[in-house]
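Written below as structure tokens is the structure these notes are about.
The values are calculated or read from the model by the stated rules, or taken from the named source; none is laboratory data. Note that the structure is a prediction, hence the values are computed from the model and not measured. Ideal geometry is used to build each Cβ from the backbone, glycine not excepted, and the neighbour counts take in all protein chains shown.
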Amino acid sequence: MTDTMRTAVDAGLLSCHSCSLLSREGSGQHAELQCPRCGASLHKRKPNSLARTWALVIAAFICYIPANLLPMTVVTSLGVVQSDTIMSGVIYFLQHGEWPIGLVILLASIVVPLTKLFILIYLLISIQRKSQWRPVERTRLYRITEAIGRWSMTDIYVVTILVALVHLDNLATIEAGVGAIFFGAVVVLTIIAALTFDPREIWDNMESTHD
Amino acid sequence: MNIKNLIACHECDLLHRIPRHEGPRCVSRCRRCNAALHRGVENSIDRTLALTLAGVVLFVVANSFPFLAFKLQGQETQTTLITGVIDLYHQGKWEIAILVLLTTIVIPLIQLLIHLYVFLPLKFNRVPWKMATAFRFTQTLQPWSMMEVFLIGIIVAIVKLVGMAQIIPGLALWSFALLIVTLAAAAANMDSQVVWNRVEYQQ
């Protein structure tokens, strides 16, 4: 093995993001290159990955504020209206001894989105500071953010099912609150942020020392 | 070295020789960052096709029969899978309605149909028209198919309401749960490299 630690970019190759086929980097750098096998556009790295991920992370943080302050659900029961935010829902479950369910909501709606956002911010900063510290672990952190993001949708689905079921005109109705829209936006933005982030940038800083 | 024998790690870009797979199921990993380079599955096309067919049947049942019913003081609400989406839309929360509709019904359905479109002809040694484009499209949709998360949502909602009223699970709920198991099994048995190897192209 002569090419022990060679990357595709070192070898002048582009790896297809979709089907993994390697293509030689053409001379025409500006032309939009396409994978000859599956037709996906080819890039050395995901385009503008740092700027895009930063923008999405900041947008998600901004949406996370109204998502927590505005109600997720509005319950009307016998003329009495009660609004619940994410946190008041969690507290309700914990106080009524339903701690497994309270824990699920706490994890899905608070711990997962915040962990994901903070990990992405840490990874972005570490790349911009050309950190060479523990790249394997940083790549693993990225894998975690990619895997956990979808589970934040739990609370949106809970609201959807409650809205569908509790529909008793004079006794009780449940409506989705404006907070749910912002929370949905947080989930979507963080999923896109994980997709625009390119973990290979973590390793690009390692290679610059070999040259 | 011929670049057709090489593969680059998707997470750190390191080049590897395309691994040879032996045995029914194996994963080769990047030697630098430990990301999965390739998951090989024996009889991948047969298995994926069988599970996808089962998935289509379960999907139809899950969307046609009663999902959950809610009974309180003689009043009963019957729901199907799509009821929540329609109610959210009528409450003016169309953003969430669309998000839920896409992630739990439309995208899983598109994925099932495209997998059928790809794997059924492949089983009979034919390559369907525009297979590469279709298969690439389902891979792009993958992060947005969230049925398994919806199941957690169902469990939380049931526990929340069970003290307040009577909740009656319907046939669609059971087939929805089975559908999630089937889709997970289909994903675990799918070897996308088998599909890509069937695409003819010019370098």
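Here are the numbers:
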| item | result |
| --- | --- |
| Failed criterion for A:Y92 (all others in (1) modelled with pLDDT under 85; (2) hydroxyl-bearing (S, T, Y); (3) within 26 Å of A:H167 (Cα to Cα) hold) | (1) |
| Candidates B:L88, B:L151, B:L68, B:L81, filtered to the one that is more than 19 Å from A:I174 (Cα to Cα), modelled with pLDDT of 90 or more and not β-branched (V, I, T) | B:L151 |
| Some residue of the stretch B:25-37 being out of contact with any Leu (no Cβ under 8 Å at 6 or more places or on another chain), of a type in the set (D, E, K, R) and modelled with pLDDT under 90 | yes |
| Qualifying residue in the stretch B:122-130 (condition: free of Cβ contacts under 8 Å to residues at least 24 places away in the same chain, over 30 Å from A:D155 (Cα atoms), among the charged types (D, E, K, R) and facing chain A (nearest Cβ under 10 Å)) | yes |
| Residues that are among the polar types (S, T, N, Q) and more than 26 Å from A:D155 (Cβ to Cβ), drawn from the stretch A:96-135 | A:S126, A:Q128, A:S131, A:Q132 |
| Complete set of residues in the stretch A:156-201 that are within 8 Å of chain B (Cβ to nearest Cβ) and in a loop (DSSP other than H, G, I, E, B) | A:V166, A:L171, A:P199 |
| Qualifying strands (runs of 3 or more DSSP E) (wholly inside the stretch A:1-102; at least 1 residues being away from chain B (no Cβ under 14 Å)) | A:80-84 |
| Odd one out for A:K130 among (1) among the basic types (K, R); (2) within 18 Å of the chain's Cα centre (by Cα); (3) more than 7 Å from chain B (Cβ to nearest Cβ) | (2) |
| Checklist (1) part of a loop (DSSP other than H, G, I, E, B); (2) crowded, with 16+ Cβ neighbours inside 10 Å applied to B:V127, failing item | (2) |
| The stretch B:152-177, residues that are in a loop (DSSP other than H, G, I, E, B) and either among the small types (G, A, S) or on the phi > 0 side of the Ramachandran plot (or both) | B:G163, B:A165, B:G170 |
| Lone unmet requirement of (1) modelled with pLDDT under 95; (2) among the small types (G, A, S); (3) in contact with a helix residue (DSSP H, G or I) (Cβ under 6 Å, 6 or more places away or on another chain) for A:A185 | (1) |
| Test for B:L15: is it within 14 Å of chain A (Cβ to nearest Cβ) and without any contact (Cβ under 8 Å) to a residue 12 or more places away in the chain | yes |
